[in-house]
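Single-structure report; data block below.
The values are calculated or read from the model by the stated rules, or taken from the named source; none is laboratory data. Just so it is clear, the structure is predicted and the values come from calculations on it, not from any experiment. Here the Cβ is made from the backbone with ideal geometry for all residues, glycine too, and neighbour counts use every protein chain on show. For accessibility, only protein heavy atoms count, side chains too; no ligands or nucleic acids. Shrake-Rupley method; radii C 1.70, N 1.55, O 1.52, S 1.80 Å.
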Amino acid sequence: MEENLYERVKKLAKEKNISIYKLEKEAGLAPSAISKWTKFMPTLKNAFAVANVLGITVDELIGQERRKG
């Protein structure tokens with residue numbers, strides 16, 4: 001089964017030793033905003049903010065592999 005965006009963000013945050021609460025705070029999101037990503041897609045602004053805090057690209061955030069060439 002494919003992981004949803006929330007599960008992916010949770011995994012990436014854990015790899016960076018940052019809690020979802022701290023991630024939301026540092027990204028300027030409302031509390032529990034990321035948990036809503038289980039059912040709804042974030043705005044691009046919010047996705048960029050979270051990716052920035054995690055030090056990754058939005059492509060990496062959503063699990064999109066980079067094309068070679």
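Assuming Ile62 fulfils every condition listed in (1) within 9 Å of the chain's Cα centre (by Cα); (2) open to solvent by less than 40 Å² (accessible area, probe 1.4 Å); (3) among the β-branched types (Val, Ile, Thr) apart from one, which condition is it?
Ile62 satisfies every listed condition except (2).
Do any helices (runs of 4 or more DSSP H) lying entirely in the chain carry at least 2 residues that are among the small types (Gly, Ala, Ser), and which ones are they?
Once the helices (runs of 4 or more DSSP H) in the chain are filtered for at least 2 residues that are among the small types (Gly, Ala, Ser), what remains is 44-54.
So which residues in segment 1-59 are in contact (Cβ under 8 Å) with a residue 40 or more places away in the chain and surrounded by fewer than 12 Cβ atoms within 10 Å (Cβ to Cβ)?
Glu3
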